[in-house]
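Below is one structure, written out as structure tokens; the observations come after it.
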Amino acid sequence: MEEKRPSSFEPPWLDPRSDRKTSYTDAELDILTDDFILGMADTPAWRELVAEVGGQRARDVLKQRLAGKDPNNLINWQPAGPMH
């Protein structure tokens, strides 16, 4: 028997059960960083950051910020109970 889809069907990528449960690997963060830079390389904000701190440091800052936005990254971990 065929399953009926609800009338308000959402694509699977919007289903929160499909959310990733692990943090991004270093290699994945490198790819995200490089792709992000490609998309913003000609913006004044990126050029200003590169002029201020240099290309490699700007890339490192961006990579760290992308990691900080990952809710599964240990940067964002908070203890659930009292700390000893």
Exercise. Which residue pairs have Cβ atoms closer than 7 Å, lie 6 or more positions apart in sequence or on different chains, and pair a first residue in the stretch 37-64 that is closer than 27 Å to Ser23 by Cβ and in contact (Cβ under 8 Å) with a residue 12 or more places away in the chain with a second residue that is surrounded by 13 or more Cβ atoms within 10 Å (Cβ to Cβ) and among the hydroxyl-bearing types (Ser, Thr, Tyr)?
Worked result: Arg59/Thr33; Leu62/Thr33; Lys63/Thr33
For this session: Please name all residue pairs, on different chains or six or more residues apart, with Cβ atoms under 6 Å, provided the first residue is in the stretch 1-19 and is β-branched (Val, Ile, Thr) and the second residue is modelled with pLDDT of 70 or more and surrounded by 10 or more Cβ atoms within 10 Å (Cβ to Cβ).
Result: none
Seminar exercise, completed: Residues in the stretch 1-54 that are small (Gly, Ala, Ser), at pLDDT 80 or above, part of a helix (DSSP H, G or I) and more than 15 Å from Arg65 (Cβ to Cβ) total 2
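The values are calculated or read from the model by the stated rules, or taken from the named source; none is laboratory data. Here the structure is a predicted model, which is why all the values come from computation and not from measurement. In this analysis, Cβ positions are derived from the backbone assuming ideal geometry, glycine residues included, and neighbour counts consider all displayed protein chains.
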